[in-house]
Structures are given as C-alpha cells and as structure tokens.
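Trainee: The following block contains the structure, expressed as structure tokens.
The values are calculated or read from the model by the stated rules, or taken from the named source; none is laboratory data. On a predicted model such as this, the values are computed, not experimentally measured, just so you know. Glycine also receives a Cβ, built like all others from the backbone with ideal geometry; neighbour counts cover every protein chain displayed.
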Amino acid sequence: MAKKKKIEIIDKELTPTVLYVKKEKKGGIIWITFIFAVFIGLVIFLPDITEQVTKYLHPEVNTPIRPPVNEEENETDDEQIDIIQHTLSNDLLIEEENFTLSNFNINNNQISFVVTNKGTTILDFSQLDYFINLYNSNNTLLQRIMLTNQIVVNGGSTTFTYDLVDSTISSIALLKITPDEYPVHNLEMDENNNATLTCTKNYETVNYMLTNNKVNVIEDIFTVSTNDPNYNTLYSNYQALAATYNTFGGINSHVTIENNNMIFKTTLNLSTITNNPFDNIIYYEQGTDAKIIYFELEASGYTCN
C-alpha cells in the first residue's frame, strides 16, 4: 500500500525575496534623446533623401528637345530636288553626258532647238525617256514635252521642233523620267472594271479601252471637215492607209462621210493583232498601264481626260 505524505500548513506572514537587482546607467537619457532627434530628422528630410535615392537608382537621361516638325517642309518635293531650270536665252546651252541642247528659238507658237550628239553611238530618243519642262516668269509649268521619234547620229546634230500651248516661256528644264516614275493615273471604272481614256489633238481623237487600268483596245479617229483646205489630200491618204491596215489581223480601218465630216477610224484589238505595222508611239502594247498612256500623251501635245 502506498504511503501518504503529510502536508503541514504553516500560517506565517510572507517575506519578499529579491531575484535580480537592475543597476541604472547614467547615459540612458542621452541615448533616448539622440535617437529621438535622428527620427525627427528623418521625418523632416525624407522627401529630399527619397529624391536623391531616386536619382541615383534612375539617373536622368538628357534628351535634346526637337523643334516641332513642319509637315510642309518635311514633304519631299521631287521637282525641287531633281529639276534644274535654265533661263531661256540666245546662248543657252544644256549639257548632258552624251549630248547637248542649244540654239533655242521660239517662233509661231513653236519651240525649236538643236541636239548635238557628243558620243560615239546613235541616240534614239524614243528609247531615252527625256522630257523638257517649260516655265513662265512665275515659275508655273506651262508644258511638258517628251523628246521622241528623233534619231541623232554620233557626232551629228538634229533640230527638234514642237508645238506650244503657251509661248510665254522664261525657263527650261531637261529631265530624264522613266515610266516607273510616272505619277499614278487611275480611271473611274464601271461594274466590269472597264474604263476609257480619251486623248485629243487637232484632227485626232484616241480612245483607249482599258480593263483594270490596262489597255486592250485602241480606237484612233481622225475627223476632218469637208470644207477643210486639206480635205482632198487627207481623204486620199486615209483611204490608202485603211486599205493597208485591213490586211493585218486584229485591225479594222475604214473611211466614212458623216454630217459633212470625213471620219477615218482605225480600231486595234491588241489581244488578237497578229502583226503590228505601225511605227506610232501612241499605239501601246496590250496591258500598258493608264499612267504611261496619260503621261506620255500629255507630253506629246494631247489633251487627255
């Protein structure tokens, strides 16, 4: 059997017992004052400290301020860049690498000048893509002329003559413009993507029938009044030409008299023409773009719309 312990309760007054004695340091108040002062300083100068840290971590990059762009000045003006205008005078000489233009003369609404071949080969201007621009005293473009259908032998000279729409010419520029550089000319098409470009000059009206802005049929019409002084000569010439043209496949040509007018009409179906007998710069191959026809005919004295 387990033994029970006897618990004795003594009724006496409790006596306090000392466990640890803390010694007060003399410098305590000073440290508290110092820490409080530092805290107050941090609060006061925190914005400045934050700004300095930000500048250190993210240094400012000095980017020069660009002046506002003037859109008009920023546009590229091809004519200002590429065109050199020469004041028209009796001794004007325009020089290219292989030829020169000189002896300019304006008379009876025509301009003429001499082209001299300085090279060692023949110059065929129908293959060279050269134009002259004619300007008045206000620097307004009066006319652009395509230099074509002229051949100048090596070492030789040839006079070029062209009709003018305005003879008040003050300056001239010689330009080389390739078909790739011609401005776009889109025609208004019908629901089948067909359109007609019409160009006129003197007796002649040329209709270019196009699909998707590409030519496929050319209709060339000459209209001469029966009262015209050249009527008889032209009638004989047109009759002979029509007979010749009709011997070629894809070409239909005839001469008729309608309302006191002689009409010489030739139609070229470019998709079926078997042999092109024409040496005519305005008769283009099938698929030629409207921009080429428009630009070159306008520069050959035609009015197109």
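Trainee: In the range 101-158, what residues are of a type in the set (Ser, Thr, Tyr) and under 17 Å from Ser300 (Cα atoms)?
Mentor: First, pick out the residues of the range 101-158 that are of a type in the set (Ser, Thr, Tyr): 102, 112, 116, 120-121, 126, 130, 135, 137, 140, 148, 157-158.
Within the range 101-158, Ser112, Ser126, Tyr130, Tyr135, Thr148 meet the criteria.
Trainee: Moving on. When you scan the range 211-231, do you find a residue that is within 25 Å of the chain's Cα centre (by Cα) and over 27 Å from Lys176 (Cα atoms), even just one? Working first, answer last.
Mentor: Our first condition is that a residue be within 25 Å of the chain's Cα centre (by Cα); within the range 211-231, this holds for 211-215.
Right, trim to over 27 Å from Lys176 (Cα atoms) and you get 211-212.
Yes, there is a match, as at least one residue in the range 211-231 is within 25 Å of the chain's Cα centre (by Cα) and over 27 Å from Lys176 (Cα atoms).
Trainee: Given the residues Thr233, Thr266, which is the only one that is among the hydroxyl-bearing types (Ser, Thr, Tyr), exposed (fewer than 15 other Cβ atoms within 10 Å of the Cβ) and either not in a loop (DSSP other than H, G, I, E, B) or not assigned by TED's automatic domain parsing to the domain that holds Tyr208 (or both)?
Mentor: Details: Thr266 fails: exposed (fewer than 15 other Cβ atoms within 10 Å of the Cβ).
Only one candidate qualifies: Thr233.
Trainee: Now for a different question. Inside the range 236-259, can you point out the residues that are hydroxyl-bearing (Ser, Thr, Tyr), exposed (fewer than 15 other Cβ atoms within 10 Å of the Cβ) and closer than 21 Å to Leu270 by Cα? It would help to see each step written out before you state the result.
Mentor: Going through the range 236-259, the residues hydroxyl-bearing (Ser, Thr, Tyr) turn out to be 236, 238, 244-245, 247, 253, 256.
Going one step further and asking which of them are exposed (fewer than 15 other Cβ atoms within 10 Å of the Cβ), we end up with 236, 244, 247, 256.
If the condition is that a residue be hydroxyl-bearing (Ser, Thr, Tyr), exposed (fewer than 15 other Cβ atoms within 10 Å of the Cβ) and closer than 21 Å to Leu270 by Cα, then Thr244, Thr247 are the ones that fit.
Trainee: Kindly check whether there is at least one residue in the range 139-153 that is in contact with a Pro (Cβ under 8 Å, 6 or more places away or on another chain) and within 16 Å of Ile281 (Cβ to Cβ).
Mentor: If we filter the range 139-153 for residues that are in contact with a Pro (Cβ under 8 Å, 6 or more places away or on another chain), which is where we start, we get none.
Among the residues of the range 139-153, not one is in contact with a Pro (Cβ under 8 Å, 6 or more places away or on another chain) and within 16 Å of Ile281 (Cβ to Cβ), which makes the answer no.
Trainee: Please work out if Tyr284 is hydroxyl-bearing (Ser, Thr, Tyr), touching a residue at least 40 places away in the same chain (Cβ under 8 Å) and not assigned by TED's automatic domain parsing to the domain that holds Gln150. It would help to see each step written out before you state the result.
Mentor: On the way: hydroxyl-bearing (Ser, Thr, Tyr): yes; touching a residue at least 40 places away in the same chain (Cβ under 8 Å): yes; not assigned by TED's automatic domain parsing to the domain that holds Gln150: yes.
The answer is yes for Tyr284.
Trainee: Return only the number of the condition from (1) surrounded by fewer than 16 Cβ atoms within 10 Å (Cβ to Cβ); (2) under 23 Å from the mean Cα position of the chain (by Cα) that Ile145 does not satisfy.
Mentor: (1)
Trainee: Further question on the same structure: Whether any residue in the range 280-297 is in a strand (DSSP E or B) and within 32 Å of the chain's Cα centre (by Cα) is what I want to check. Before the answer, list the steps.
Mentor: As a first pass, look at the range 280-297 and keep what is in a strand (DSSP E or B): 289.
Next, only the ones that are within 32 Å of the chain's Cα centre (by Cα) stay: 289.
Scanning the range 280-297 turns up at least one residue that is in a strand (DSSP E or B) and within 32 Å of the chain's Cα centre (by Cα).
Trainee: For the range 97-177, which fully contained strands (runs of 3 or more DSSP E) count at least 3 residues that are within 24 Å of Asp82 (Cβ to Cβ)? Spell out the reasoning first.
Mentor: On the way: elements: 99-107, 110-117, 130-135, 141-147, 157-163, 171-176.
So the answer is 99-107, 110-117, 130-135, 141-147, 171-176.
Trainee: Only residues that are in contact with a strand residue (DSSP E or B) (Cβ under 7 Å, 6 or more places away or on another chain) and of a type in the set (D, E, K, R): list them for the range 146-192, please.
Mentor: Asp163, Asp166, Lys176, Glu188
Trainee: Here is a follow-up. Assess whether Ile151 counts as being in contact with an Asp or Glu (Cβ under 9 Å, 6 or more places away or on another chain) and surrounded by 15 or more Cβ atoms within 10 Å (Cβ to Cβ). So that I can check it myself, show each step before the final result.
Mentor: Numbers: in contact with an Asp or Glu (Cβ under 9 Å, 6 or more places away or on another chain): yes; surrounded by 15 or more Cβ atoms within 10 Å (Cβ to Cβ): no.
Spelling it out, it is not the case that Ile151 is in contact with an Asp or Glu (Cβ under 9 Å, 6 or more places away or on another chain) and surrounded by 15 or more Cβ atoms within 10 Å (Cβ to Cβ).
Trainee: Mind checking whether some residue in the range 191-198 is within 30 Å of Asn269 (Cβ to Cβ), buried (at least 16 other Cβ atoms within 10 Å of the Cβ), modelled with pLDDT of 95 or more and small (Gly, Ala, Ser)?
Mentor: For the range 191-198, residues within 30 Å of Asn269 (Cβ to Cβ), buried (at least 16 other Cβ atoms within 10 Å of the Cβ), modelled with pLDDT of 95 or more and small (Gly, Ala, Ser): present.
Trainee: Output yes when any residue across the range 96-111 is without any contact (Cβ under 8 Å) to a residue 60 or more places away in the chain, in the same structural domain as Ile169 (by TED's automatic domain parsing) and under 27 Å from the mean Cα position of the chain (by Cα), and no when none is.
Mentor: Checked against the condition, which is being without any contact (Cβ under 8 Å) to a residue 60 or more places away in the chain, in the same structural domain as Ile169 (by TED's automatic domain parsing) and under 27 Å from the mean Cα position of the chain (by Cα), the range 96-111 yields at least one hit.
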